[in-house]
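Throughout, read-outs are computed from the coordinates displayed, never taken from laboratory work. No experiment lies behind these values; they were computed from the predicted model shown. Using ideal geometry, Cβ is built from the backbone for each residue, glycine included, and neighbour counts are taken over all protein chains shown.
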Amino acid sequence: MNKPKPSTTSPAMKTHTMIKSVLVPCLSACALLGVLMANQAQGATLRYQQSGDYFLVGNPGWQAGGGGAGGVPGALDIERYNWGGNTVTLAGVAPNITRFEMGVDESGTLVVNSGGSLTLSGDGRIGNNVNGAGAGLASGFLTIN
């Protein structure tokens, strides 16, 4: 009858191997989850094309990719009103957004009428021009009725 050979692996080495076999897959899964969450945490910068009602998507309306209901800008998005002097009219409650920018490279206007509401988690920039050679003067306007 053959006797089993005594183990030559120390208890510390067994513990190291066991930790490594559990930790490496866990770290890989955590890294993948971090990449997926980072992609979700980034919103889009959306321009309103032409002039019209805030809740339109397309042309006229918001460019595709908004995180709000129906494709309008959502909580992680940045809105830009700068399509050749366009005017966007808001008469309802818009989804919360991160930031708005009016007058980036081109002029743009947001008109908030009675019943209109826009909430930002960040800041609003009006007249945010590019500081480079050949950059023209652009203005942004916010009208609250």
Using the count of nearby Cβ atoms within 10 Å as a rough guide to exposure, how do Leu120, Leu110 rank from fewest to most? Leu120, Leu110
If the chain between Leu142 and Ser121 were fully extended at 0.36 nm per residue, the gain over the current Cα-Cα distance would be 5.8 nm
If neighbour count is taken as other Cβ atoms inside 10 Å, put Glu106, Glu79 in order from fewest to most. Glu106, Glu79
